[in-house]
1. On alpha-carbon atoms, Rg over Rh for the stretch 128-193 using Kirkwood Rh?
2. Excluding Ala35 itself, what net charge comes from residues whose Cβ is under 10 Å from its Cβ, given Lys and Arg +1 and Asp and Glu -1?
3. Which loop-located trypsin sites (Lys or Arg not before Pro) does the stretch 49-103 contain, where loop means any DSSP state but H, G, I, E or B and the Cβ has at most 14 other Cβ atoms within 10 Å?
4. With contacts defined as alpha carbon pairs under 8 Å and 6 or more residues apart, what's the relative contact order of the stretch 68-166 in percent?
5. Under 15 Å from the Cβ of Arg119, count the other residues' Cβ atoms, weight Lys and Arg +1, Asp and Glu -1, and hand me the total.
6. Eight or more residues apart or on different chains, and alpha-carbon atoms under 16 Å: count the Lys pairs in the stretch 1-147 matching that.
7. Modelled label-to-label distance, Glu21 and Thr138, 7 Å Cα→beta-carbon offset: nm?
8. Among all the lysines, which ones have a C-alpha under 19 Å from Lys156's C-alpha, if same-chain residues fewer than 8 places away are not counted?
Amino acid sequence: MLGLKSTTSPKWAKLANENLEQFLTDHAFAEQKAASGAFSLILTYSEESEMVRELSDYAIEEMGHFKLVHELMLERGMTLGQDTPSAYAKHLRKFFPKTKDRNDSLINRLLMAAMIEARSCERFDAFIKASKDEALVTFYKDLIRSEAGHYTLYLKWARHYSSKETVDTKWEAFATYEATYIESMEQSALVHG
């Protein structure tokens with residue numbers, strides 16, 4: 001599912017449910033970072049009108065998700081804490097060699113965004129399976145419906161700017177790299193922790 005090469009450990013899902021405020025804070029910031037990443041692509045590749053149009057809609061949707069998660073936290077008496085730098089995203093960036101080629105850079109950024117979206121969606125599903133909180137289960141089931149489409153949006157655009165075969169080959173290697181990291185990293189209640 002979602003082009004991933006590994007599945008999340010039930011231990012992570014249990015940890016996220018036990019540390020709900022930390023998980024929700026990280027999720028809220030992950031939504032904000034997703035929107036920010038789309039804005040960055042829009043600014044850098046502003047001449048790509050169709051991609052800009054779709055990423056604009058995506059960025060607005062992600063900020064809407066940020067607001068929903070924040071409101072959920074407020075309803076539960078929680079406060080949005082501080083953002084935690086993502087060791088996961090930092091590690092993913094290392095997969096891609098530095099390049100001055102504008103098109104290669106775009107494809108790499110699109111694949112990275114696709115991977116983060118795919119893993120987020122998979123993690124939300126794992127979180128649901130471990131949760132006994134029906135309101136949270138409903139909330140995340142609704143969220144997953146749109147999140148799953150985000151992964152495919154980014155892959156679609158990567159394939160638009162390169163051949164499907166080239167992108168799929170790069171994705172396979174990237175997915176293996178990501179799975180190795182996910183399986184070896186120390187567990188935390190962060191969305192990608």
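Just so you know, all these numbers are worked out from the coordinates, no wet-lab data involved. A quick note: this is a predicted structure, and the numbers were derived from the prediction, not measured. Positions of Cβ are generated from backbone atoms using ideal geometry, with glycine treated the same way; all protein chains shown enter the neighbour counts.
1. 1.09
2. Neighbourhood net charge equals -2.
3. When the trypsin sites (Lys or Arg not before Pro) of the stretch 49-103 are filtered for loop state and at most 14 Cβ neighbours within 10 Å, Arg76, Lys94, Lys98, Lys100 remain.
4. Once divided by the residue count of the stretch 68-166, the mean separation gives 31 percent.
5. So the environment of Arg119 carries a net charge of -3.
6. Here the count comes out as 9.
7. 2.5
8. Once the sequence-local lysines are set aside, what remains near Lys156 is Lys164, Lys170.
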